[in-house]
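Asks: My questions will all concern the structure given below.
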Amino acid sequence: MTQRVELAAVMDRLAIDSLITEYAVTVDDGDWDAYQRLFTPDGRADYSSAGGVDASAAEVAVWLAQTMRLFPMRQHLIVNRRLRFGTLDQDVGDVAQVQADYVNPMRFASGEAGEKGEAGEKGEGGTESSAPDFICGGRYAFTALRTEQGWRLSQVTVQEKWRQMTQRSASHPSG
């Protein structure tokens, strides 16, 4: 490989890494317009393994906006990113497959799921607790395409492997 090709590959890797980070941040921040802009026009997301929908990015954004109201505190941690470039229309590097593990701690909104996450609940030392009520983890499979606007997601598949209610939320009986 020439230095120019190697530099282009590094720049593509950084751009795709940034795209995956933006994906996590838009979901955590509830910025559903920005979420949709991360996708190609025909982009799709499949959250069915986590009890969600498999639909267009626009339809998923609507579903996420409604569902994530239950969890005003959420923090996706996307790690162990494995990236492989493929070919599209005979040009190397026009498509990328990313496999990445995730852990997602979330806190229920006040009044949701049996009053979990009540405002003013005190943790150790008498301070208000913001610890998560619910944690899930698994693996994402992202497909990214090079477009005129830069790298965009054409497919996101969530493969949830586990979920756990924390001890504090388990002590609150649901209503």
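Read-outs: derived from the displayed coordinates by stated rules, not from any lab. Just so it is clear, the structure is predicted and the values come from calculations on it, not from any experiment. Reconstructed Cβ throughout: ideal geometry from the backbone, glycine too, with neighbour counts over all protein chains shown.
Asks: Among 56-64, 44-52, how do they line up from the highest to the lowest mean number of other beta-carbon atoms within 10 Å?
Replies: So the peptides 56-64, 44-52, ranked by packing, come out 56-64, 44-52.
Asks: Just to be sure I understand the model, the point goes 7 Å from the Cα along the line to the Cβ. What's the resulting Glu6 to Ala55 distance in nm?
Replies: Computed distance between label sites Glu6 and Ala55 equals 4.7 nm.
Asks: Once both labels are modelled 7 Å past Cα along the beta-carbon direction, what's the Thr67-Ser18 spacing in nm?
Replies: 2.9 nm
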